[in-house]
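Bear in mind that the values in this text are calculations on the coordinates, not laboratory data. Note that the coordinates shown come from a computational prediction; the quantities given were computed from them, not determined experimentally. As a convention, Cβ positions derive from the backbone with ideal geometry for all residues, glycine included, and neighbour counts pool all protein chains shown.
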Amino acid sequence: MLVSDICRTSFRGMFRHKLRLLLSLIGVVIGTAAVIASVAVVEGGRREVWHSLDELGANIVFLRDRGEINSWIGSGPRGEQWSSWQDMLTLSDIDSLKAKLSGIIAIEPQLIDWDFAHYRNQELDTEIEGSTEAGKAIRHLKMSGGRYISREDIESKAKVCVLGSTVAEKLFGDQNPLGKSILMYQSPFRVVGTTRPKGSLRGFDYDRKIIVPITTAQQRSGTSAVNAILIQARDAPAALALKNRLPEAVLEILRGRKADELHIFCQDELQEKRRKILATLKAVVMSIAGISLVVSGIGIMNIMLVSVVERTREIGIRKAVGAKERDIVYQFLLDSVLICITGGILGIPLGIFFAWQASRGAALVFSETGHWSPVFSPLFFILALGCALVVGILAGLFPAYKASKLDPADALRHE
Amino acid sequence: MNTPLVSIRNVAKSFAMPHGAQVVALRDVSLDIESGEFISIVGPSGSGKSTLLNIIGCLIRPSGGSYHLRGKSISLYSSNELADIRNEMIGFVFQSYNLLEYETALYNVLLPTIYRAGRMDARRQAVRSKLEEVGLLHRLGHLPAQLSGGEQQRVAIARALVNNPALLLADEPTGNLDSDTGEQIISIFERLNRENKTTVVIATHNRGIAARSDKVLEVRDGSTEQTS
């Protein structure tokens, strides 16, 4: 029996019972759509996480002095007495650090403190970062208005500031903060810029902070030290390599300090945790989608067995005129495969639709940035069609075998 | 002396029933069929005529005895080889026509050819030729439900002949037809036998039909006896 004859015979048989065909197709369509949607949504989530991490600094190494974290500088706004500065890096040490370590693209020294900021009757406790003009590029900060700290601000120790979006909203509400003055360190600081929301990650809130020129912060604190450094590496793996070399390089400069007094981290740990979570999620979601495809396959096997019974006399006729057992197997197997492949093809657009809808929901619930787009690839569609094909073959095998073993004389007598 | 086309010796056939009992359809049947003969197998209902025809047509294997087709024992053939024999050497016509009800007359006659391969245009030409032979070329696009009983049986005959078989077997071919239509069918068989030298074996309870054949075999209680 020629392939063309097998196909022609199957196509003719497939469309004979249209309602049965439709019901058989529905299971496969939904199963295929579920496979495509689950893979696309999880891949989209993975891409969103990487993008977020990159935006927030997956290639950034953070160094903070634990002495700074556990101590306070000078006296606070309510008269608390704090410990004095330990030996810390200064601005001039930053160049030494750059010379010791290769792979540094940019370096931002910071002097971080906490204080209350005031505007009229609004008050907010917030992180105050003394920073340099390099900070905007290193942290991928985007401005929603005005400008960032400039080299001139630093050289002139200007009392200017850039507000994070949370600070701007809480102090100014709907008003435009640009050009207005806020009170910090009992001094007025003019607002020269505001940043766009960036979100938060592992306690690193980029929006609840006020950025001032580092020299202004040092002057106010009476120190030339920096207590945090951001180092931009080429990419996440390079950041990890820098992180491992950084303690030794810093301790060479700060000879009196110990390694555990430095707090160095980059986003690699979080990346790894999220990678594992997403891999698990992908496996679970695909398993559920796969189960639905298997269930549809069982349904098709049931339909095929009914079809064998209904077509018993036809099988007898075919065998009587010369059909071999394998001809009958091919015919019924192809029936099952055709149903599944057709369902698989129809499931692709439905899967794309499901993926977009599920991604919208996932963005609302899980995404810190509110973005979550499904990712499609020809490989997913091939994978889904491949699954449908396998289901079709497995579902059709037993009914096809059963049909082929019918006795032709008995089959001809079947009503 | 020519080897008979069909040679059956002491063939028996039993069927197993669900509760373990055995039904004996044929006990001890022996016969020879020469090429070009027109033979009738007669007997009452339940005598074993259809069983004998099914054995001759390689649809079932005998429980005992031997069956030689063109000098070779069919016990040596696998089920797939028997399928090839049914396709190439044997044409079957049934009492209930056994056409595919969802397919046209054209496709029904085409059916044996799809298990023989060959170019589609050559096959379609053979189909048209056989339908013309039975006078139904104008009905090739009709479904069986759109044909009369006699026309359906003629389509079945065309299907049986499409591969130019050496042996044409007909099991009560006029059983569901009126006498006039039945006469048309038997005339077709006679013409095939006379003009094409097709060997024809008809199982029938109609003695009138049997009288028109070269040889009559009587089947009674599972055994045969040649009566003419």
- Item | Which of A:PHE332, A:PHE398 has the fewest Cβ neighbours within 10 Å, and the rest in rising order | A:PHE398, A:PHE332
- For the stretch A:341-350, 3J(HN,Hα) per residue [Karplus equation, 6.51 cos²θ - 1.76 cosθ + 1.60, θ = phi - 60°, Hz, x = Gly/Pro]: 5, 4, x, x, 5, 5, x, 5, x, 5
- Query: In whole Å, what is the distance between the alpha-carbon centres of the stretch A:313-385 and the stretch A:1-35?
  - Reply: 11
- Query: Bin by bin, in steps of 5 Å, what percent of the Cα pairs in the stretch B:94-228 do you find, going until the bin that has the longest distance?
  - Reply: 2, 10, 20, 22, 20, 12, 7, 5, 2, 0
- Message: Modelling each spin label as a point 7 Å along the Cα-to-Cβ direction, I'd like the A:SER181/B:ASN80 distance in nm, to one decimal.
- Response: 9.9
- Note on the structure: Relative to the compact-globule estimate 2.2 N^0.38 Å (N residues), the Cα gyration radius of chain B stands at a ratio of 1.00
- Starting from the coordinates of the alpha-carbon atoms of the stretch A:295-402, obtain the Kirkwood hydrodynamic radius over all distinct pairs and give the value in Å to one decimal. 16.1
- Per the helix-only calculation at 222 nm, which mean residue ellipticity applies to chain B, given -39500 (n - 2.57) for every DSSP H run of n ≥ 4 and division by its residues, nearest 500 deg cm²/dmol? -10000 deg cm²/dmol
- Have a look at the DSSP beta bridges in the protein assembly as shown and tell me what percent are antiparallel, nearest 5. 65
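Give the relative contact order (percent, whole number) for chain B; include only Cα pairs under 8 Å separated by 6+ residues.
Working: 440 pairs, mean separation 69.1, N = 228.
For chain B, the relative contact order is 30 percent.
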- Part-to-part distance (alpha-carbon centres) for the stretch B:169-188 and the stretch B:198-219, which is given in Å: 12
- Item | For A:322-329, mean number of other protein chain Cβ atoms within 10 Å | 6
- Query: So how strong a dipole does the protein assembly as shown carry about its Cα centre when Lys and Arg Cβ are +1 and Asp and Glu Cβ are -1, to the nearest 20 debye?
  - Reply: 460
- Taking the Cα centre of each part, how many Å lie between the stretch B:23-66 and the stretch A:115-138? 105
- Item | Cα-Cα over 25 Å, subset of A:LYS170/A:LYS243; A:LYS98/A:LYS209; A:LYS180/A:LYS209; A:LYS136/A:LYS282 | A:LYS170/A:LYS243; A:LYS98/A:LYS209; A:LYS136/A:LYS282
- Query: Residue by residue through the stretch A:211-223, which ³J(HN,Hα) values in whole Hz follow from phi under the Karplus form 6.51 cos²θ - 1.76 cosθ + 1.60 (θ = phi - 60°), with glycine and proline marked x?
  - Reply: 9, 10, x, 4, 5, 5, 5, 5, 4, 4, 8, x, 9
- Tell me the Kirkwood hydrodynamic radius of the protein assembly as shown in angstroms, computed as one over the mean inverse distance between distinct C-alpha pairs. 32.4
